[in-house]
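Notes follow the structure.
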Amino acid sequence: MSDNSAHSNYTRATFDEVMVPNYNPATIIPERGDGSRVWDQEGNDYVDFAGGIAVTALGHNHPALVKALKDQADKIWHLSNVFTNKPALELADKLTKATFADKVFFANSGGEANEAAFKLVRKYANDNFGPEKNEIISFKQSFHGRTLFTVCVGGQPKYTEGFEPLPGGISHAEYNNLQSLEAIISDKTCAVVMEPVQGEGGIVPATEEFVKGVRALCDKHDALLVFDEVQTGVGRTGHLYAYMGMGVTPDILTTAKAMGGGFPIGAMLTTSKIAASFMPGTHGSTYGGNPLGCAVSNAVFDTINTPEMLQSVLDKSAKIVARLEEIGKKYDVFASVRGRGLLLGAVLNEKWQGKARQFIEAGWQHGVMVLVAGMNVVRLAPALNITDEEIEDGLNRFEKAVASIA
Ligand SMILES: Cc1ncc(COP(=O)(O)O)c(C=O)c1O
């Protein structure tokens with residue numbers, strides 16, 4: 001569906017004229033979505049396997065989410081944290097009942113939820129063990145956001161280069177390599193931070209042995225275990241949070257992305273004991289816990305946190321993995337397909353190293369949106385409620401895209 005209003009005169013070229021060049025968006029400009037289909041300004045349609053980078057977990061224009069937003073818009077939009085509000089209290093109540101956590105801090109994004117978590121682990125250690133216990137350990141290739149603190153905890157030096165001087169007291173071990181963590185963890189470590197599945201780092205799931213070993217090392221050294229579930233959370237792996245399927249419980253969990261189904265919201269979840277270090281005045285956010293975001297997030301939570309929805313994530317995942325493996329074999333492009341639930345990565349084989357971007361561009365030309373995770377992995381993070389028909393259509397389009405370049 002195209003329209004003739006003034007905004008359709010804007011093109012990708014306008015971006016270069018008026019926007020800061022920190023992104024390099026596609027030439028197509030999406031305008032409307034419904035379920036897992038998106039239409040661009042020219043009226044072309046796409047099957048959406050990208051989900052706004054694991055955000056639109058219930059697709060586009062979901063009636064329950066639209067209703068929640070509209071109903072709240074008619075009541076009150078914003079209050080600030082001088083007041084609390086019913087949607088925020090309701091959401092925190094649901095999150096604490098459904099998880100290990102007793103307390104919730106609301107933010108507006110994954111980066112902000114992590115910023116809160118990284119400040120809290122320092123504050124908690126300072127309060128309980130003294131200022132010497134301040135070191136944070138994370139993992140190489142991890143990604144935790146774009147604030148200065150979160151890029152430093154992230155394990156990808158390309159995101160910190162040029163931004164020096166950087167905050168200190170942060171080091172990085174090898175992911176899925178317990179010896180590497182054991183070599184650097186000490187009683188000075190205040191926290192170990194990990195993604196249960198490294199997302200931006202290439203869709204690399206943590207092994208069960210590794211996760212359990214990390215938990216044990218944290219316990220040994222009185223370090224908090226922080227799970228960054230910004231990408232894996234809210235049903236994406238077939239569990240409400242990925243930790244629930246891993247036999248390990250973190251001390252702090254961060255969540256964002258799918259939490260608002262496309263409305264910006266994030267949260268940090270923790271226990272009462274740890275939360276106690278964030279007493280009034282220690283941390284805050286103007287918009288965190290905003291009633292609009294929380295109203296939408298309540299609807300997202302209610303829709304996703306059902307046994308049927310979580311099971312369907314695993315069923316759909318199996319279907320997509322089988323077909324991706326078939327495509328990979330037929331065109332000799334993928335070495336493997338990995339991930340959890342509907343966070344999947346098709347790993348390019350030797351021949352295609354460094355060329356993941358070609359697959360997303362071919363996808364756009366053939367009416368399907370996919371993502372990359374680094375230069376060697378084609379990532380799919382579709383809506384959890386994507387239909388079988390949308391999956392079939394999207395994979396047929398994706399196969400045509402692969403055939404066009406392979
Ligand atoms: C694991 C993880 N943590 C944090 C972030 C940052 O989230 P945001 O972009 O909402 O700040 C991301 C974003 O990709 C992520 O994947």
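Read-outs: derived from the displayed coordinates by stated rules, not from any lab. Computed from a prediction, not measured in an experiment: that's the story for all the values here. Cβ: placed from backbone, ideal geometry, glycine included. Neighbour counts: every protein chain shown.
For region 169-220, name all the residues that are within 16 Å of the ligand (Cβ to nearest atom), among the aliphatic types (A, V, I, L, M) and not in a helix (DSSP H, G or I).
Ile170, Ala191, Val192, Val193, Met194, Val197, Ile203, Val204, Ala206
Do we have Ala116 as of a type in the set (A, V, I, L, M, F, W, C), over 15 Å from the mean Cα position of the chain (by Cα) and within 15 Å of the ligand (Cβ to nearest atom) here?
On the way: of a type in the set (A, V, I, L, M, F, W, C): yes; over 15 Å from the mean Cα position of the chain (by Cα): yes; within 15 Å of the ligand (Cβ to nearest atom): yes.
It is true that Ala116 is of a type in the set (A, V, I, L, M, F, W, C), over 15 Å from the mean Cα position of the chain (by Cα) and within 15 Å of the ligand (Cβ to nearest atom).
Name the pairs: first residue in region 83-111 and among the aromatic types (Phe, Trp, Tyr), second residue in a helix (DSSP H, G or I) and buried (at least 22 other Cβ atoms within 10 Å of the Cβ), Cβ to Cβ under 6 Å, at least 6 apart or on different chains?
Sorted first by the residue in region 83-111, then by its partner, the pairs are Phe105/Ala116.
Applying the selection to region 288-332, what residues are in a loop (DSSP other than H, G, I, E, B) and buried (at least 18 other Cβ atoms within 10 Å of the Cβ)? So that I can check it myself, show each step before the final result.
Quick first cut of region 288-332, residues in a loop (DSSP other than H, G, I, E, B) only: 288-290, 305-306, 332.
The answer is Gly288, Gly289, Asn290.
Among the residues of region 349-374 satisfying the criterion of being among the polar types (S, T, N, Q) and part of a helix (DSSP H, G or I), which is surrounded by the fewest Cβ atoms within 10 Å (Cβ to Cβ)?
Applying the filter and picking the extreme gives Gln365.
Can you pull out every residue in region 221-238 that is away from the ligand (no atom under 12 Å from the Cβ) and either surrounded by fewer than 22 Cβ atoms within 10 Å (Cβ to Cβ) or within 15 Å of Ala54 (Cβ to Cβ) (or both)? Can you show your working first?
Of the residues in region 221-238, the ones away from the ligand (no atom under 12 Å from the Cβ) are 221-225, 234-235, 237-238.
Correct list: His221, Asp222, Val234, Gly235, Thr237, Gly238.
Out of the residues in region 247-270 meeting the condition of being buried (at least 24 other Cβ atoms within 10 Å of the Cβ) and away from the ligand (no atom under 12 Å from the Cβ), tell me which one is nearest to Gly288 (Cα to Cα).
Selected residue: Leu269.
Looking at (1) crowded, with 20+ Cβ neighbours inside 10 Å; (2) in contact with a Lys or Arg (Cβ under 7 Å, 6 or more places away or on another chain), find the lone condition where Ile391 falls short.
(1)
Quick one: which residue in Phe143, Phe106, Phe100, Phe83 is more than 16 Å from the ligand (Cβ to nearest atom) and surrounded by 15 or more Cβ atoms within 10 Å (Cβ to Cβ)?
Sole residue among the options that is more than 16 Å from the ligand (Cβ to nearest atom) and surrounded by 15 or more Cβ atoms within 10 Å (Cβ to Cβ): Phe100.
Any residue in region 158-166 that is within 12 Å of the ligand (Cβ to nearest atom), closer than 25 Å to Arg236 by Cβ, surrounded by 23 or more Cβ atoms within 10 Å (Cβ to Cβ) and not acidic (Asp, Glu)?
no
What are the residues in region 193-229 that are closer than 30 Å to Val378 by Cβ and either free of Cβ contacts under 8 Å to residues at least 12 places away in the same chain or aliphatic (A, V, I, L, M) (or both), if any?
The answer is Val193, Met194, Val197, Ile203, Val204, Ala206, Val211, Val214, Val226.
When you scan region 331-346, how many residues do you find that are in contact (Cβ under 8 Å) with a residue 60 or more places away in the chain and more than 19 Å from the chain's Cα centre (by Cα)?
3
Can you pull out the residues in region 141-165 that are of a type outside the set (Gly, Ala, Ser) and touching a residue at least 60 places away in the same chain (Cβ under 8 Å)? Lay out the reasoning, then the answer.
First, the residues of region 141-165 that are of a type outside the set (Gly, Ala, Ser): 141, 143-144, 146-153, 156-161, 163-165.
Those that are of a type outside the set (Gly, Ala, Ser) and touching a residue at least 60 places away in the same chain (Cβ under 8 Å): Gln141, His144.
Using the structure shown, decide if Ala406 is touching a residue at least 60 places away in the same chain (Cβ under 8 Å), among the small types (Gly, Ala, Ser) and touching a Leu at 6+ places or on another chain (Cβ under 9 Å).
Answer is no for this residue.
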